[in-house]
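S.K.: Below: one structure in C-alpha cells.
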Amino acid sequence: MNIQVIGSFLFVTILIAIITYLKTKNDNLETSSGYFLGGRSLTGGIIAGSLLLTNLNASSFVGMSSQAYSANMSVMGWEVTSGITIVLTAVFLLPLYLKMGLTTLPTFIEKRYDKGTKYFVTWLFMLCYILNLAPTALYTGALALSTIFDIPGTFHVSATAGIWIMVWLIGIIGAVYAIFGGLKAVALSDTLNGILLVAAGILIPVFAIVALGGGNFGEGFHTFLTAHPEKLNAIGSSSDPLPFSAVFSGLLLVNMYYWGTNQSIIQRGFGAKSLKEGQKGFILAAALKILTPIIIIIPGILAFFLYGNEVEMADMIYPLLVREVLPKPLLGLLAAAMFGAILSTFNSLLNSSSTLFALDVYKPMHPDIEEKDLIRVSKIFGSIVAVLCMFIAPWIMNASGGVFAYFQTINGFFNVPIFTIVLIGFIKKDVPAIAAKIGLAFFVVVYGVLQFVVKPDLFYLHQSGILFVITCIIMLVIGKIAPQKIPFAMEKVENVDITPWKYRFTASGAVIALMVDTYVIFSPLGLAQAGGWNAVSTMLIAVIAAVCIAAGFMLDKRYSQEGV
C-alpha cells in the first residue's frame with residue numbers, strides 16, 4: 001500500500017470532516033426541524049451538491065462502467081434522462097411539497113389517503129433502503145476501495161475478507177455522520193465531497209486517454225473517437241443493458257420516483273431555505289447529472305480500448321482502471337472522493353430511514369414525546385439499521401448479472417408503485433385510500449411473480465411501465481365506483497418563502513437541450529456514425545439548444561407578467 005496514496009487519502013478525508021464539524025457544531029440538533037431538515041436553511045448550491053453526491057455512489061461508478069465496458073454507452077440513459085425528471089420535480093412537485101410544509105413524503109400520503117397507506121409506504125421505503133440501497137452502496141464502495149488500496153495483498157487476506165473489512169469501516173464512519181450530525185452535516189459533507197469527486201473523476205478519463213495514446217493525449221483521443229464507434233452508441237438495442245425504448249416506458253417512471261418522491265432525495269428539497277433556492281438547487285443538479293457519464297461511463301469504454309476482453313469480472317473494471325492510470329498522489333485524492341461518495345449515499349439513506357421511523361412510525365404511537373427523546377429514538381434506530389446493512393452488504397457479491405442489474409431490478413419492487421399512488425393522489429382528488437392499498441399490493445405482488453416465477457422475455461422496465469398503466473386504471477376505476485366522500489384539499493402551511501425562481505423555465509430549457517444534445521452526440525447521428533462527427537451533427541445540436549432555451553425564456557416571460 002503506497003504511502004503517497006494513504007497520505008493524500010487521509011489528508012483530504014480528515015480535512016472534510018473538520019470543515020463539516022466547524023460549520024455545523026453550533027447547529028441546533030435538539031428539534032425535528034434542525035436535525036431532520038437542517039433547520040430549513042439549505043441553499044441552492046448545497047442542495048445541488050448534496051443531491052448529486054447522494055446519487056453518485058460507488059454502484060454507479062462500478063456498475064455503469066462495467067456495463068459500458070461489456071456493451072456500449074446505452075447505460076447512460078439512467079443518468080441523462082434524469083435531467084428532465086429533476087426539472088419536472090423542481091418546477092411542479094417541489095412547490096406543492098413546500099406549500100404543504102412536508103417533512104416526509106409519507107406525511108403527504110397520510111393527508112391524501114389515510115394512516116394505513118402511510119404505514120405501507122413508510123415500510124416500503126425503509127425496506128428498500130435497508131435491503132437494497134444502503135447495502136449496495138456499502139458493497140460497491142468496499143469493492144472499489146479494497147481494489148484501489150489492495151487490501152487483500154496488504155493484509156494477506158482473501159478478496160472476500162477485504163470486502164468485509166471495508167464494508168464495516170465505511171459503515172461505521174458513515175453512521176457517525178448520519179446519526180450524530182443530522183441532515184445539514186450530511187448535506188455539507190456531500191457538497192465538499194461532490195466538488196472533489198467531480199474534479200478527481202474527470203482526471204480518470206484524461207489519464208486513461210493519455211495511456212491509450214501511449215503518452216500522447218491527442219492520439220489517444222483520436223483512437224477513442226474512431227477505433228470502435230459502435231461503443232459510443234447510446235441508442236441501445238433489446239440486447240443492450242438499457243434498450244432505448246425503455247426511456248419512454250419504465251425508465252421515466254423510475255427516475256420520477258427517484259427524484260420526485262424518494263425520501264432520501266426529496267428531503268433536501270424539504271430542507272430548502274425557500275422555493276427559489278430549492279428550484280435553483282434541483283435544476284443545477286439536473287445539469288450536472290447529465291454530464292456525469294463523463295466520469296462514470298466513459299471510463300468503462302476506455303477500459304475496453306486498454307484491456308480488450310481480458311478482464312473476467314466486469315465489476316472490477318473501474319477500480320482496476322483507477323489504480324493503473326492515476327499517479328499515486330492523485331489516486332489518494334480519488335479514493336478520498338470515492339470514500340466521500342460512498343459515505344454520502346450511505347449516511348443519507350440512514351438519515352432518511354431514521355427520519356421516516358421517528359416521524360412516521362414512532363411519533364404517531366407516542367404523540368406526547370418530547371423532541372429530544374424523539375431524536376434519541378431516531379439515533380438508536382439509525383444505529384440498528386447501520387449494523388443490519390453492514391451484515392447484508394457483503395452477500396451482494398453473489399448476485400448474478402452484475403451489481404447494477406441487481407440493484408435496479410430489486411428497486412423495481414418499491415419505486416414505480418410509490419410514484420404511482422403519489423401521482424394519482426395529486427391528479428385525482430377523490431380516489432380513496434383503498435385504491436392506493438390495492439394498487440400498491442397489486443404492483444408489488446405481480447412484479448415479484450414476473451421477476452422470480454414467470455420470468456417473461458420482456459425487459460423489466462417495460463414490465464414496470466405496463467404494471468404502472470394497469471395500476472393507474474385499477475385506482476381510477478375504484479375511484480369511479482367508490483369515490484372518496486370528501487375530495488382531498490391541499491393544506492397550505494408554507495414554512496418558507498414559496499416565491500418561485502424567475503428563471504426556472506429558461507434554466508430548465510437549457511437542461512432539456514443538454515439532455516437531448518447528449519443523446520445526439522452519442523448516437524448514429526453523432527460520434528457513433530462510421531464517418532464520425534460532421535457539420536450536420538453540429539447544426540442539429542445548435543438548433544435543439546436554441547429551440548429549448550427560447551421556449552423556456554418565453555415561459556419565464558409569460559409567468560413573470562402574470563405574477564406567478
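S.K.: Among the residues of the range 418-438, count how many are assigned to a loop (DSSP other than H, G, I, E, B) and either on the phi > 0 side of the Ramachandran plot or not acidic (Asp, Glu) (or both).
M.R.: 4
S.K.: Let me confirm something: among SER464, SER383, which residue is hydroxyl-bearing (Ser, Thr, Tyr), open to solvent by less than 30 Å² (accessible area, probe 1.4 Å) and in contact (Cβ under 8 Å) with a residue 40 or more places away in the chain?
M.R.: SER464 is the lone residue from the list that is hydroxyl-bearing (Ser, Thr, Tyr), open to solvent by less than 30 Å² (accessible area, probe 1.4 Å) and in contact (Cβ under 8 Å) with a residue 40 or more places away in the chain.
S.K.: Quick one: ILE369 ticks every box in (1) open to solvent by less than 50 Å² (accessible area, probe 1.4 Å); (2) part of a helix (DSSP H, G or I); (3) more than 25 Å from ALA48 (Cβ to Cβ) bar one, so which box is it?
M.R.: Going through the list (1) open to solvent by less than 50 Å² (accessible area, probe 1.4 Å); (2) part of a helix (DSSP H, G or I); (3) more than 25 Å from ALA48 (Cβ to Cβ), ILE369 breaks only (2).
S.K.: Any chance you could count how many residues in the range 242-262 are part of a helix (DSSP H, G or I) and closer than 25 Å to MET338 by Cβ?
M.R.: 4
S.K.: Going by what's in this entry, would GLU277 be described as surrounded by 21 or more Cβ atoms within 10 Å (Cβ to Cβ), among the acidic types (Asp, Glu) and at pLDDT 85 or above?
M.R.: Here the answer is yes, as GLU277 does meet what is asked.
S.K.: So, one more: Suppose the filter is among the aliphatic types (A, V, I, L, M), outside any loop (DSSP other than H, G, I, E, B), modelled with pLDDT under 75 and buried (at least 23 other Cβ atoms within 10 Å of the Cβ); does VAL5 pass it?
M.R.: Spelling it out, VAL5 is indeed among the aliphatic types (A, V, I, L, M), outside any loop (DSSP other than H, G, I, E, B), modelled with pLDDT under 75 and buried (at least 23 other Cβ atoms within 10 Å of the Cβ).
S.K.: Give the residue, chosen from ILE265, ILE317, ILE342, ILE294, that is open to solvent by 40 Å² or more (accessible area, probe 1.4 Å) and assigned to a helix (DSSP H, G or I).
M.R.: Checking each option against the conditions leaves just ILE294.
S.K.: Which residue out of LEU225, LEU242 is of a type outside the set (Ser, Thr, Tyr) and open to solvent by less than 10 Å² (accessible area, probe 1.4 Å)?
M.R.: Exactly one of LEU225, LEU242 is of a type outside the set (Ser, Thr, Tyr) and open to solvent by less than 10 Å² (accessible area, probe 1.4 Å), namely LEU242.
S.K.: Here is a follow-up. Considering THR154, THR147, which residue is open to solvent by 10 Å² or more (accessible area, probe 1.4 Å), touching a Pro at 6+ places or on another chain (Cβ under 6 Å) and at pLDDT below 85?
M.R.: Values: THR154 fails: touching a Pro at 6+ places or on another chain (Cβ under 6 Å).
THR147 is the lone residue from the list that is open to solvent by 10 Å² or more (accessible area, probe 1.4 Å), touching a Pro at 6+ places or on another chain (Cβ under 6 Å) and at pLDDT below 85.
S.K.: Among LEU169, LEU138, which is open to solvent by less than 10 Å² (accessible area, probe 1.4 Å) and modelled with pLDDT of 85 or more? Before the answer, list the steps.
M.R.: Details: LEU169 fails: open to solvent by less than 10 Å² (accessible area, probe 1.4 Å).
So the residue among LEU169, LEU138 that is open to solvent by less than 10 Å² (accessible area, probe 1.4 Å) and modelled with pLDDT of 85 or more is LEU138.
S.K.: Still on this structure, please answer the following. Here is a check on your reading of the model: is ALA287 assigned to a helix (DSSP H, G or I), open to solvent by 10 Å² or more (accessible area, probe 1.4 Å), within 30 Å of GLY412 (Cα to Cα) and not β-branched (Val, Ile, Thr)?
M.R.: On the way: assigned to a helix (DSSP H, G or I): yes; open to solvent by 10 Å² or more (accessible area, probe 1.4 Å): yes; within 30 Å of GLY412 (Cα to Cα): yes; not β-branched (Val, Ile, Thr): yes.
It is true that ALA287 is assigned to a helix (DSSP H, G or I), open to solvent by 10 Å² or more (accessible area, probe 1.4 Å), within 30 Å of GLY412 (Cα to Cα) and not β-branched (Val, Ile, Thr).
S.K.: Quick check, is ALA513 among the hydrophobic types (A, V, I, L, M, F, W, C), surrounded by 13 or more Cβ atoms within 10 Å (Cβ to Cβ) and within 27 Å of the chain's Cα centre (by Cα)?
M.R.: Numbers: among the hydrophobic types (A, V, I, L, M, F, W, C): yes; surrounded by 13 or more Cβ atoms within 10 Å (Cβ to Cβ): yes; within 27 Å of the chain's Cα centre (by Cα): yes.
The answer is yes for ALA513.
S.K.: Which of (1) assigned to a helix (DSSP H, G or I); (2) charged (D, E, K, R); (3) open to solvent by 10 Å² or more (accessible area, probe 1.4 Å) is the odd one out, the single condition ASP360 does not satisfy?
M.R.: (3)
S.K.: Could you run through the range 327-339 and say how many residues are surrounded by fewer than 23 Cβ atoms within 10 Å (Cβ to Cβ) and farther than 17 Å from ILE170 by Cα?
M.R.: Adding up the residues that qualify gives 4.
The values are calculated or read from the model by the stated rules, or taken from the named source; none is laboratory data. Because the structure is predicted, anything quoted here is derived from the model rather than measured. Counting neighbours? That spans all protein chains shown, and the Cβs are built from the backbone with ideal geometry, glycine included. Just so you know, the surface numbers come from the protein's heavy atoms only, side chains and all, with ligands and any DNA or RNA stripped out. Shrake-Rupley method; radii C 1.70, N 1.55, O 1.52, S 1.80 Å.
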